[in-house]
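Q: Dumping the structure here so I can ask a few things about it.
Laboratory data are not the source of any read-out in this text; all were calculated from the coordinates shown. Here the structure is a predicted model, which is why all the values come from computation and not from measurement. All Cβ positions, glycine included, derive from the backbone under ideal geometry; neighbour counts span all protein chains shown.
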Amino acid sequence: MSDHPSTFDGDTSEHKGFAWDDRASLHRKDDGGGVLDSAKGLRSGTFADIVRHMMLLPAEERSAYYIEKAGDREYHAEEVAALADRPDFPRED
């Protein structure tokens, strides 16, 4: 999970590029958030897997969902579509 630098042996674990293998989950925008938000995820997997799954939804339905990536970063429909178009996006597992 490259989004989290390491201090082991005084070295960093920074990698160039996007952390497609970070953990992520798919949520409905209207799930209420709160303390139990992580339990309300509809699907979980790697960030790339969840982006692929969200892109399988009809375009008019995508705006009802968001992806929460490790570190509490949220990605909404337009941003997810842009990520799926990136040349470094892993198209398959």
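Q: Can you tell me the length gained on complete extension of the stretch residue 79 to residue 21, counting 0.36 nm per residue apart and subtracting the Cα distance?
A: On the way: separation 58, 0.36 × 58 = 20.88 nm, distance 1.75 nm.
Gain on extension, residue 79 to residue 21, equals 19.1 nm.
Q: Just order 49-55, 60-66, 84-90 by mean Cβ neighbour count inside 10 Å, highest at the front, would you? Provide the component values of the computation, followed by the final result.
A: Working: 49-55: 20.3, 60-66: 14.3, 84-90: 11.0.
Ranking the peptides 49-55, 60-66, 84-90 by packing returns 49-55, 60-66, 84-90.
Q: Same structure again: Taking the convex hull of the alpha carbon atoms in the range 18-84, what volume per residue do you get, in Å³?
A: Taking only Cα atoms, the range 18-84 has a hull volume of 74 Å³ per residue.
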